[in-house]
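The values are calculated or read from the model by the stated rules, or taken from the named source; none is laboratory data. Being a predicted model, the structure only gives us computed values, none of them experimental. Cβ sites come from the backbone with ideal geometry, for glycine too, and all protein chains shown count toward neighbours.
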Amino acid sequence: MTAPEEIEAWFAGAAEREAELRRVDALVTAAAPGIDRQLVAAGSGRMLGYGLMPYKPRSAKVATTWPLVALAAQKRHLSLYVCAVVDGEYLAEARAQRLGRVSCGRSCVRFTSLDRVDAGELAALVRDALAATREGTNAYHTS
């Protein structure tokens, strides 16, 4: 578990992106009340992860954990990873057109400012990913 001071330091370390990261964090925590937050390794840095779940990459012999949702500051944008596959579709990718002025990958929503995103749709994406995980219908860990 990540200490609150470490999370605060992560936000502060984002410099000019701190306020925007905090806005996205507030959206995620409002959409998923009570979800745990912790810093997770990502490449050479760390990102803020929400709701650890079992995950077994195809190349791994042993399962690990991975966040259901993760927030990262990239060089030119923010990335919100929503790791949910329902009925064979990545939720983020399937809802890309409804999310506003964003760029989407399978599980990644990229944007420069939350002002460019349909916040209601993004919150619904987080809520639905959490619901699918709790119901056992999130197939991300087996995809």
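Here Arg106, Arg98 are screened, and the one residue that is among the basic types (Lys, Arg), under 13 Å from the mean Cα position of the chain (by Cα), more than 22 Å from Gln38 (Cβ to Cβ) and surrounded by 13 or more Cβ atoms within 10 Å (Cβ to Cβ) is Arg106.
The single condition among (1) in contact with an Asp or Glu (Cβ under 7 Å, 6 or more places away or on another chain); (2) more than 20 Å from Leu122 (Cβ to Cβ) that Thr65 does not meet is (1).
When residues of the range 74-84 are filtered for being buried (at least 22 other Cβ atoms within 10 Å of the Cβ) and either within 16 Å of Asn138 (Cα to Cα) or small (Gly, Ala, Ser) (or both), how many remain? The qualifying residues number 4. Within the range 47-66, if we keep just the residues that are over 14 Å from Asn138 (Cβ atoms) and modelled with pLDDT under 95, the residue that is farthest from the chain's Cα centre (by Cα) turns out to be Lys61. Identify the residue in the range 109-143 that is within 15 Å of the chain's Cα centre (by Cα) and among the acidic types (Asp, Glu) and, among all such residues, is farthest from Ala63 (Cα to Cα). Selected residue: Glu121. Within the range 1-54, the set of residues being in a loop (DSSP other than H, G, I, E, B) and touching a helix residue (DSSP H, G or I) at 6+ places or on another chain (Cβ under 6 Å) comprises Ala14, Ala32.
The criterion of being free of Cβ contacts under 8 Å to residues at least 12 places away in the same chain, part of a loop (DSSP other than H, G, I, E, B), within 24 Å of Asp115 (Cα to Cα) and among the basic types (Lys, Arg) does not hold for Lys61. Condition check: more than 23 Å from Ala3 (Cα to Cα) and at pLDDT 95 or above. Does Val109 satisfy that? Against the criterion (more than 23 Å from Ala3 (Cα to Cα) and at pLDDT 95 or above), Val109 qualifies.
A count restricted to the range 61-96 and to residues that are more than 30 Å from Ala9 (Cβ to Cβ) and touching a strand residue (DSSP E or B) at 6+ places or on another chain (Cβ under 9 Å) stands at 6.
Annotation note: Cβ proximity below 6 Å between a residue of the range 1-23 that is surrounded by 12 or more Cβ atoms within 10 Å (Cβ to Cβ) and a residue that is in a loop (DSSP other than H, G, I, E, B) (sequence gap 6+ or interchain) occurs for Leu21/Ala14.
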